[in-house]
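Working notes, structure below.
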Amino acid sequence: MTDPDFAWHRQHGLKPLINVAGTMTGLGASITTPSVAAATAAAMGNFVSIHEAQRLASTVIREATGAEAGFLTASASAGITLSVAACMTGHDPARVEALPHDPGFRDEVILQAGHLCGYGSSLEQTVRLTGARVRRVGQSTLCMDHHITGALSERTAAAVYVISHHVVHYGQCPLDRYIDLAHTSGIPVVVDAASEYDLRGFLALGADLVVYSGHKFLGGPTSGIIAGRRDLVRSAYLQNMGIGRGMKIGKESIFGAIAALQEWQGRDHAAIRRAEGAALAMWKDALADLRGIRARAVPDPTGNPLSRLQVEIDAKTFGVDAATVARILSEHNPAIIVRNHTVELGFFQLDPCNLQPGQDRIVAKALHSILSQPNTFESRPSDRDVGRNDSVNACMEW
């Protein structure tokens, strides 16, 4: 499935690119394996009862996650919305059809202030699509037990917990404690684990529903996975006759995601980590003799079993800042798209998880050749926002 010559891009008039940003939706998230692509394509040539296909998906999700049940939807974002809606409506189809304009009495969802992140859109809006009102608890850098318990009431439908590199990573209530506090008041906990490797741990801690992306680390077609308590999974699935109708998933993505889940359980993760480590070492060597640049491997902030190369740039010594370097790399041919969430702090990261054969060497060569001549770089006021306004900019170009 790899295209080392970028022929596919040229065929469609697209700029070739190498993704060292990670499993980013804006870059297509991931690349499927031949077996997952074949399963996706095979489904496209057949009719099937979607409910029957979803029952099959539930079996595979149970095997992979240890959940009581599960089903597939359009994306992890859709999964969060549907999970919250499930906690609001239960199995009542009248309540399902009333959302979002009539959310009912249980219309509040609590979220730690430090978890109200943006992931391409607003997490708060993802919840509000149900008609629910988000009740922020604590401050952005501090959430204590009393903040959570003081916010819980008869109106609380769910407590949402976000596991992501986008959230604040200190001063937050840990998941196990969050679950205990919510369950003491009879409130179900929905975990947003879209980009996480761990398919079992959050449910094992007691989360009621956990939402994963099917097209990030799993490498399936665009999809979201909802796994957890059978009653809540059923309620979430019932949303397909309401707000979930526009979030439905097709037969091809169902069977592609099933194949990805099955393949995940047999994947040689240790071998993948070794290959990623070799790429990091190669890139670090390519930057070793450049003044003003420090490169070091850093672990994933949410505990996923991978590391990234953090490229720290001393703008005074090197001559230009990290934002400018990220922009220059994105203008290379092929474009090298780095993980740029923190360029204003003086660094960016190189993520090896989506590398295709030979691309690690292309990146190493480009890093050394481009960064060896910083005096040719031109800084721009918009460099700090490189890659961050893609959707807005793209719409303006259409």
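Quick look at the values:
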| quantity | calculated |
| --- | --- |
| Residues of region 301-340 that turn out to be open to solvent by 40 Å² or more (accessible area, probe 1.4 Å), in contact with a strand residue (DSSP E or B) (Cβ under 8 Å, 6 or more places away or on another chain) and assigned to a loop (DSSP other than H, G, I, E, B), as a count | 2 |
| Residue ID - farthest from the chain's Cα centre (by Cα), chosen from residues in region 154-177 that are farther than 24 Å from S235 by Cβ and outside any loop (DSSP other than H, G, I, E, B) | R177 |
| Whichever residue in region 178-192 is within 29 Å of G219 (Cβ to Cβ) and touching a residue at least 40 places away in the same chain (Cβ under 8 Å) and, among such residues, is farthest from the chain's Cα centre (by Cα) | V190 |
| Residue count for region 246-275, restricted to those that are part of a helix (DSSP H, G or I) and either without any contact (Cβ under 8 Å) to a residue 60 or more places away in the chain or surrounded by fewer than 21 Cβ atoms within 10 Å (Cβ to Cβ) (or both) | 14 |
| Among the candidates E252, E276, residue that is in contact with a helix residue (DSSP H, G or I) (Cβ under 7 Å, 6 or more places away or on another chain) and charged (D, E, K, R) | E252 |
| Those residues of region 197-215 which are surrounded by 22 or more Cβ atoms within 10 Å (Cβ to Cβ) and assigned to a loop (DSSP other than H, G, I, E, B), in sequence order | L199, A207, D208, G214, H215 |
| Top-ranked residue of region 59-101 - restricted to ones that are of a type in the set (V, I, T) and under 16 Å from L218 (Cα atoms), ranked as nearest to the chain's Cα centre (by Cα) | T73 |
| Subset tally (residues that are modelled with pLDDT of 75 or more, open to solvent by 30 Å² or more (accessible area, probe 1.4 Å) and touching an Asp or Glu at 6+ places or on another chain (Cβ under 6 Å)) for region 344-391 | 1 |
| So F6, is it touching a strand residue (DSSP E or B) at 6+ places or on another chain (Cβ under 8 Å) and aromatic (F, W, Y) | no |
| Flag for R128 being more than 17 Å from V84 (Cα to Cα), open to solvent by 20 Å² or more (accessible area, probe 1.4 Å) and modelled with pLDDT of 95 or more | no |
| Yes/no for L116 being closer than 24 Å to Y170 by Cα, surrounded by fewer than 22 Cβ atoms within 10 Å (Cβ to Cβ), of a type in the set (A, V, I, L, M, F, W, C) and within 19 Å of the chain's Cα centre (by Cα) | yes |
| Check on N340, under 20 Å from the mean Cα position of the chain (by Cα), modelled with pLDDT of 90 or more and among the polar types (S, T, N, Q) | yes |
| Contacts under 8 angstrom Cβ, first residue in region 103-118 being within 10 Å of R155 (Cα to Cα) and assigned to a strand (DSSP E or B), partner open to solvent by 30 Å² or more (accessible area, probe 1.4 Å) and charged (D, E, K, R), 6 or more apart | E108/R133; E108/R135; E108/R155; V109/R133; V109/R135 |
| Odd one out for S235 among (1) modelled with pLDDT under 95; (2) over 17 Å from the mean Cα position of the chain (by Cα) | (1) |
| Of all residues making up region 220-232, the number that are of a type outside the set (K, R) and open to solvent by 10 Å² or more (accessible area, probe 1.4 Å) | 4 |
| All positions within region 301-323 that are over 13 Å from P352 (Cβ atoms) and in contact with a His (Cβ under 9 Å, 6 or more places away or on another chain) | P301, T302 |
| Residue within region 7-21 that is among the aromatic types (F, W, Y), touching a residue at least 12 places away in the same chain (Cβ under 8 Å) and farther than 28 Å from G118 by Cβ present | no |
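The values are calculated or read from the model by the stated rules, or taken from the named source; none is laboratory data. This structure is a prediction, so every number in the text was calculated from the model and none was measured. Note that each Cβ is placed from the backbone with ideal geometry, even for glycine, and that neighbours are counted across all protein chains shown. SASA here: full protein model, heavy atoms, side chains in, ligands and nucleic acids out. Shrake-Rupley method; radii C 1.70, N 1.55, O 1.52, S 1.80 Å.
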